[in-house]
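Participant: Shown below is the structure under consideration.
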Amino acid sequence: MVHLPPEPVYDFLVDFPQYGDYSEYLESVERRGDGSSGTAYDITVAWWRLRHTVRSEVTGVHPPERIEWRVTDPVDAHGAWVLDPVPDRAPASAEMATAVTLEIRYEPASVGTGALDLPPFVSADLVLDRVRPTLQREAEAVVERVVEDLEGAPRPVELEVGRAAAGEAD
């Protein structure tokens, strides 16, 4: 929940390369395009003994409600940033609040040893189990930093991480 109208939040999300300022694990973001549909990104992350570049592309923009994307290499994934105005959730100090949701859908079979450059005898399942707590902590820290920059002051934020039910449609 961000205590601002959707427009400035959307503008912030479109400027994806600045995300590197919020995470110690995000080494670089190279953008080819202006953030509109067709813009491509090379996103390099590093953690533990792993360093990996993910290639993604913006597939649709619907200002200020939605930014759709897909990973083009190596994982089969797609998703969207979804912004919903919720004026009834705004605190007294703000006129508006916006619920921000990051939807991610991926094909689990595409996340395997062939998709990631893993050290010998290290399985993708082992890496995912080990990285999950780090991802949760890092996501919370990034969200707090983003909200502070958007709103101009630090505050505790609520971050919910959920999973789609088995068999749930895309």
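Participant: Using amide H atoms built 1.01 Å from N in the peptide plane, name the residues 5+ places from S37, or on other chains, whose amide H lies under 5 Å from its own.
Facilitator: When sequence neighbours closer than 5 places are left aside, the close amide H contacts are V61.
Participant: How long are the semi-axes of the ellipsoid equivalent to region 49-101, from square roots of 5 times the Cα gyration tensor eigenvalues, in whole Å, largest first?
Facilitator: Values: eigenvalues 201, 41, 10 Å².
Working through the eigenvalues yields semi-axes of 32, 14, 7 Å.
Participant: So, R0 is 22 Å and r is the distance between the beta-carbons of E95 and M1; what FRET efficiency does that work out to, to 0.05?
Facilitator: Details: r = 14 Å, r/R0 = 0.64.
Computed FRET efficiency for E95 and M1: 0.95.
Participant: If you plug each phi of region 44-60 into the Karplus form 6.51 cos²θ - 1.76 cosθ + 1.60 with θ = phi - 60°, what whole-Hz ³J(HN,Hα) values come out, in order, with x for Gly and Pro?
Facilitator: In residue order, the calculated couplings are 9, 10, 9, 7, 6, 9, 10, 9, 8, 10, 9, 9, 9, 8, 6, 9, x Hz.
Participant: Still on this structure: Show me 153-161, 91-99, 35-43, 76-84 ranked by packing, highest mean number of other Cβ atoms within 10 Å first. Mind showing how you got there, number by number?
Facilitator: On the way: 153-161: 9.6, 91-99: 13.2, 35-43: 16.1, 76-84: 17.8.
The peptides rank, most packed first, as 76-84, 35-43, 91-99, 153-161.
Bear in mind these aren't lab numbers, they're just calculated from the coordinates by the rules spelled out. All values derive from a computational prediction rather than experimental measurement. Positions of Cβ are generated from backbone atoms using ideal geometry, with glycine treated the same way; all protein chains shown enter the neighbour counts.
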